[in-house]
Amino acid sequence: MTVMSYLGAIGAAQREAMDADERVIIIGEDVEANVYGTTGGGKSRSDKGDFLQRYGKNRIRNTPISEEGIVGAAAGAAMTGLRPIVDLSYSSFLYMAMDQFVNQVAKNRYMFGGQASMPVVFRSAMFYGLNTGAHHSDRPYPMFMNVPGLKIIAPATPSDAKGLLRSAVDSDDPILSFEACLLWSAKEDVDENEFWIPLGVARTAREGTDVTVVAISSSVPEAVAAAEELAQEGVSVEVIDPRTLVPLDRDAILRSVAKTGRLVVAEPAHRTCGAAAEISALVAEEIFDSLKAPIIRVTAPDMQIPFSPSLEKQMYPTKATIAAAIRRVVDLPALQPVAAAV
Amino acid sequence: MAELAHDTLREMQLRMLRIRAFDERASKMVKRGHIPGTVHTSIGQEAQVVGATMALGAGDYMSGNHRSHGHPIGKGSPLGPLMAELAGKATGVCKGKGGSLHLADFAVGSLGESGIVGSSIPIANGAALSSKVLNNGKVALAFFGDGAANQGVLYESMNMAGVWDLPMIFLCENNQYALSTPAHTVTSGVISQRAAGFGMPGIRVEEGQDVLAVYDAVSEAVARARAGDGPTLVEVMTYRYNEHSEGLRLGTDYRDAGEREAWLKKDPIILFRHYLASQGFSDDELDGLQATALAEVDAAVAFSDASPYPDLSVAFDDLYTDKESAA
Ligand SMILES: Cc1ncc(C[n+]2csc(CCOP(=O)(O)OP(=O)(O)O)c2C)c(N)n1
Ligand SMILES: [Mg+2]
């Protein structure tokens, strides 16, 4: 075990994957100079060695600022023997390549009757919460959950970032990895040996018996903090981090809610058609009878992200807003309507 | 012009005849309801398709567009699974999941067609990137129309291919119309000249109904790509005889009267037949090629007719590598 930051763990996984398989390449804007911190040296960013020196220009490639061309080329490369890791830097830039994601990356295996293999990972950072304004603060993973054919991971801890990325690179399905910048500096003990966390398996971040909080990405540490606060008041909160959004570990979520009878879902994305909406619907459809209180979603509102720090801070789930939602589900009698929490 | 062996010349004519016979039959089958949806034929464009596909090697890659039955046929795909795919049968080359707009035959390097205009261009570019990184000597070619030539992703791809010296050929099939829109009304300048802006050769094949002219131009581009000298843009001037898609009846005459007749006089198959006769091919041999193509299409239709439709139980297959991930 060694202490790694979230970014350092991603760098470690990329290094392991590059060492393990010659067919793995990294392409993206500014990857050669390690601008985003996962292809270089330095303790807090990517540990040990510079990727460009180590793997050379053939396998570490700066691209032009051409997201549509990059994503399409990565798909074509994946279909013909490479296993690209594409660093798209900000997740807001994925929109530039929407056609390639939806029409090529997601559909080619199916549409061509299984002839196309699509071993490619698209990494992007969600820069929300950093006062970058509306064009850089997106949390777009729910849009892509609506595209069959893609798999989606959203690791919340350094260990998960490392283990999930290894599985993603080894997968023959296309995978989008959404990494929250608010988590970049999170540190924990991580196994420095190779390990793989399977896709589609949730992690129980904290065990509890009264309320289940399903939390996503940077909402996970907020939910754990809220759970600790509520523990002081005698409420036992279980925090489930799905880690993979497609495929979703439905069983883990249903098992937990069947046990606790109460569900809060917290995520930084917009409210409408978000992951929280999907998880809420899943629970309502499958185990409605186990619910002792209405489900509460804690999400970002359906609006743009304002620039001013005094406004932006209020937009995403926090320890306080998650704790308030938990208090509501434990206080209320069963199945009385509640106002939606933002 | 390269001296081509008798067998190569013969094969060129046979493949053009195959495409013609295949698309003529497909057109009829659409009208009779034997093929669901519609198809876009390459009738009239066979020289451009075969000249390009035969300039590629067996292991080389290509991507196509919506008008792409001819591309896999030109690259050597057997007709049965292609026809069965058009009919939506389980034995189709894509197991009935793709249809006319999404034929792909990876066995001959056909990485698939795209119903989204321009969208498959970067796929071939990525295949060229693979070849470059893996250093396996393969080249890649993207077929696209004059309409697709106005999609931004083409220029992102040309820039990337140029700066990385990818073994890539951008092949514009300029049939002078994008659906009802004449190319000159929506295209600034000359498509092939756009290559200059990316520092790559841009070649226009004016005699695009001459299979040898296309073959020579594309062969040169392939040789350059294989030698590590980077990409080429080849624009081939051609013409489609049929409507944009089969069954489509546009109310307006977007093509000049007499234009089609003028192009029919330069029919690629008839032109090449004259050439082959001048090279000592007998009438018997040339008629035999025609008969072979028709018989192959008959056999393909029989194969398709005898094939079952896919069962609902396979609907989710190939969405992901594992069945469990498909909800
Ligand atoms: C992105 C996109 N826009 C529009 C269409 C509708 N459409 C299909 S084919 C076509 C014309 C394409 O013209 P061209 O690229 O010249 O190919 P051609 O049909 O002439 O072979 C159009 C407009 C589409 N399929 N995809
Ligand atoms: Mg056209």
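The values are calculated or read from the model by the stated rules, or taken from the named source; none is laboratory data. Please read these numbers as outputs of a predicted model, since none were measured by experiment. Note that we place each Cβ from the backbone using ideal geometry, even for glycine, and neighbour counts take in every protein chain shown. In case anyone asks, the SASA skips ligands and DNA or RNA and just uses the protein heavy atoms, side chains included. Shrake-Rupley method; radii C 1.70, N 1.55, O 1.52, S 1.80 Å.
Counting partner chain Cβ atoms within 10 Å of every residue's Cβ in A:58-70, what's the average?
5
Over both sides of the A-B contact, add up the buried accessible area with a 1.4 Å probe and give it to the nearest 100 Å². Display every interim value, and only then the final one.
Working: alone 13950 and 14300 Å², together 24820 Å².
Protein heavy atoms only, the A-B interface buries about 3400 Å².
So what's the convex hull volume per residue for the Cα atoms of the protein assembly as shown, in Å³? Mind dumping the intermediate values first?
Numbers: hull volume 112.7 nm³, N = 669.
Measuring per residue, one finds 168 Å³ for the Cα hull of the protein assembly as shown.
Please report, in cubic angstrom per residue, the volume enclosed by the convex hull of the alpha-carbon atoms of the range B:72-166.
Spelled out: Cα convex hull of the range B:72-166, divided by residues, is 99 Å³.
With bins 10 Å wide starting at 0, give me the P(r) of the range A:203-329 over every alpha carbon pair, in whole percents.
Bins of 10 Å from zero give 14, 48, 30, 7, 0 percent of pairs.
What is the mean number of Cβ atoms from other protein chains located within 10 Å of the Cβ atom of each residue in peptide A:147-153, rounded to a whole number?
2
Can you pull the one-decimal nm distance between simple spin-label points at residue B:290 and residue B:259, each 7 Å off the Cα toward Cβ?
Rounded to a tenth, the inter-label distance reads 2.9 nm.
Average partner chain C-beta neighbours within 10 Å, per residue of A:168-181?
Working: counts 0, 0, 0, 4, 3, 5, 1, 0, 0, 0, 0, 0, 0, 0.
Other-chain Cβ atoms within 10 Å of each residue's Cβ, averaged: 1.
Once phi is turned into θ = phi - 60°, what whole-Hz ³J(HN,Hα) does the Karplus curve with 6.51, -1.76 and 1.60 give for every residue of the range B:248-253, x standing for Gly and Pro?
Each residue's phi maps through the Karplus curve to give 6, 10, 7, x, 9, 8 Hz.
Using amide H atoms built 1.01 Å from N in the peptide plane, name the residues 5+ places from residue A:190, or on other chains, whose amide H lies under 5 Å from its own.
Under 5 Å from the amide H of residue A:190: A:2, A:3, A:4.
Using square roots of five times the C-alpha gyration tensor eigenvalues, list the equivalent-ellipsoid semi-axes of the range B:1-56 in whole Å, biggest first.
Rounded to whole Å, the semi-axes are 29, 10, 7.
Over chain B, how many percent of alpha carbon pairs lie in each 10 Å bin up to the one with the longest distance?
Answer for chain B: a P(r) of 6, 26, 35, 25, 8, 1, 0 percent.
Please list, ordered by chain and number, the residues whose modelled amide H lies under 5 Å from the amide H of residue A:180; skip anything fewer than 5 residues away on the same chain.
Answer set, sorted by chain and number: A:126.
Using a probe of 1.4 angstrom, how much of the accessible area of the range A:210-288 is carbon and sulfur, in percent?
Heavy-atom surface of the range A:210-288 belonging to carbon and sulfur, 1.4 Å probe: 48 percent.
What does the accessible area per residue of chain A come to in Å², with a 1.4 Å probe and no ligands, DNA or RNA counted? Walk me through the numbers on the way to the answer.
On the way: 12220 Å² over 342 residues.
I get 36 Å² per residue for this part.
Would you mind checking which residues have amide H under 5 Å from residue B:203's amide H? H placed 1.01 Å from N; only 5 or more apart, or other chain.
Those qualifying (amide H under 5 Å, at least 5 residues apart or on another chain) are B:233, B:234, B:235.
Provide the per-residue ³J(HN,Hα) series for the range B:111-123, in order, calculated from phi with Karplus coefficients 6.51, -1.76, 1.60 and θ = phi - 60°, each as a whole number of Hz, with x at glycine and proline positions.
8, x, 9, 9, x, 9, 4, x, 5, 8, 4, x, 5
With labels modelled as points extended 7 Å from the Cα through the Cβ direction, what inter-label distance (nm, one decimal) is found for residue A:320 paired with residue B:163?
Calculated label separation equals 4.6 nm.
What Kirkwood radius, in Å to one decimal, follows from the Cα pairs of chain A?
Details: mean 1/r = 0.0491 Å⁻¹.
Roughly 20.4 Å, rounded to one decimal.
Please calculate the 1.4 Å probe accessible area of residue A:259, with all protein chains present, and give it to the nearest 10 Å².
100 Å²
Pop a pseudo-label 7 angstrom from the Cα along the beta-carbon direction at both residue A:53 and residue B:226 and give the gap in nm to one decimal.
Distance between the two pseudo-spin positions: 4.0 nm.
How many percent of all Cα-Cα pairs in the range A:7-162 sit more than 19 Å apart?
Values: 6569 of 12090 pairs.
Value for the range A:7-162: 54 percent of Cα pairs lie more than 19 Å apart.
If you take the Cα atoms of the range A:139-296, find Rg, then find the Kirkwood Rh from the mean of 1/r over all pairs, what is Rg/Rh?
Reported Rg/Rh, Kirkwood definition of Rh: 0.96.
Using mean Cβ contacts within 10 Å as the protection proxy, how do A:202-215, B:189-202, B:308-321 order, highest first?
On the way: A:202-215: 22.1, B:189-202: 16.6, B:308-321: 14.1.
In decreasing order of mean packing, A:202-215, B:189-202, B:308-321 become A:202-215, B:189-202, B:308-321.
Whenever you get a sec, line up A:291, B:250 from highest to lowest accessible area (probe 1.4 Å, protein heavy atoms).
B:250, A:291
How many percent of the accessible area of the range B:7-306 is carbon or sulfur, using a 1.4 Å probe?
51 percent
What's the FRET efficiency of residue A:187 with residue A:272 using the Cβ-Cβ distance as r and R₀ = 41 Å, to the nearest 0.05?
The value I calculate is 0.75.
In whole Hz and in residue order, list the ³J(HN,Hα) couplings for the range A:123-139 that follow from phi through the Karplus curve 6.51 cos²θ - 1.76 cosθ + 1.60, θ = phi - 60°; x for Gly and Pro.
Residue by residue, the range A:123-139 yields 9, 8, 9, 8, 8, 6, x, 10, 6, 9, x, 5, 7, 10, 10, 6, 10 Hz.
In the range B:231-327, what is the volume of the convex hull around the alpha carbon atoms, normalised per residue and reported in Å³?
Looking at the range B:231-327, the number lands at 285 Å³ per residue.
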